[in-house]
Amino acid sequence: MQKNEQDNFPKKETNIAARVFVIVIASFIFAVNIKTFVHTGGLIPGGATGLTLLIQEIFDKFFSVSIPYTPVNILINAIPIYIGFKFIGKKFTALSCVVVLLTGILTDLIPSYTLTKDILLICIFGGLINGVAISLCLLADATSGGTDFVAIYLSEKNGIDSFNVVLIVNVIILTIAGFLFSWDKALYSIIFQYVSTMTIRVLYRKYQQSTIFVVTKEPVLVTEIIFNRSHHGATIIDGEGSYEHDEKKVVYSIVSSNEVNKIVTAIRDAEPDAFINVFKSERISGRFYRVPKD
């Protein structure tokens, strides 16, 4: 083993340990949320979890058979897991499998508990907690399984935030639940899922892009700052001040939204007089660097 590989080994091991710790916490949050808010409200939270709960309810209502959560959830996740291994990353998918398995085991072991019977509180706070748990998984480079794999794959392939696609798929699942059981349950579940999706969009912004325009006298310095903190390139445009007609340079770049604050702070520290404009990019096409999944 070469010296630099030896130096990086402890760092890699620490990184994996931290990721595992986070996904264990996330799995526990998932399970507790299912056995408190979701169970009390009789909600179908969408995704693989929602489909699993829907199948459990179908067997219970129509066949009077109680089936465990874990094996059904693993079976439903089989195809998304294949997509993860094939197109996203092996460690990423392996950690996601840990989330799926651990969440299932904890859900079967943790007893149900009622915190509140107010259905709107259940939808809002249950959806919020679900979104936090999913965001923790994503920040640890893992997912909660199911449709999240599909969302990550589409986001990687198309360069856009695809978690709204998950919301659409979940609405379809909930519509089926509405036909089979109760429309009230289905509609409240949509509220739950909407809150969860919006929470993810706030907490996890990797697949959201922002455009940065910097009017500067130090264009080379600004481009170096952008590249060193995001690995994204930039375009330098000639400009002229409309009032004093002095020469300016405009640096134009697109970065991930979660990188914006550290880039703006660094530019402001290096050149306090620089004028910076940041706004959301709806969609990009072309080469855009993304940290590869391991």
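A few comments on the model shown:
- From the list Ala151, Ala142, the one residue that fits, being among the aliphatic types (A, V, I, L, M), outside any helix (DSSP H, G or I) and surrounded by 19 or more Cβ atoms within 10 Å (Cβ to Cβ), is Ala142.
- Restricting the stretch 201-219 to residues that are modelled with pLDDT under 85 and not aromatic (Phe, Trp, Tyr), the residue that is farthest from the chain's Cα centre (by Cα): Gln209
- Matching option when the condition is assigned to a helix (DSSP H, G or I) and within 23 Å of the chain's Cα centre (by Cα), among Lys35, Lys61: Lys35
- So Gly84, is it in a helix (DSSP H, G or I) and in the same structural domain as Val72 (by TED's automatic domain parsing): yes
The values are calculated or read from the model by the stated rules, or taken from the named source; none is laboratory data. Everything numeric here is computed off the predicted structure, so don't read it as measured data. Ideal geometry is used to build each Cβ from the backbone, glycine not excepted, and the neighbour counts take in all protein chains shown.
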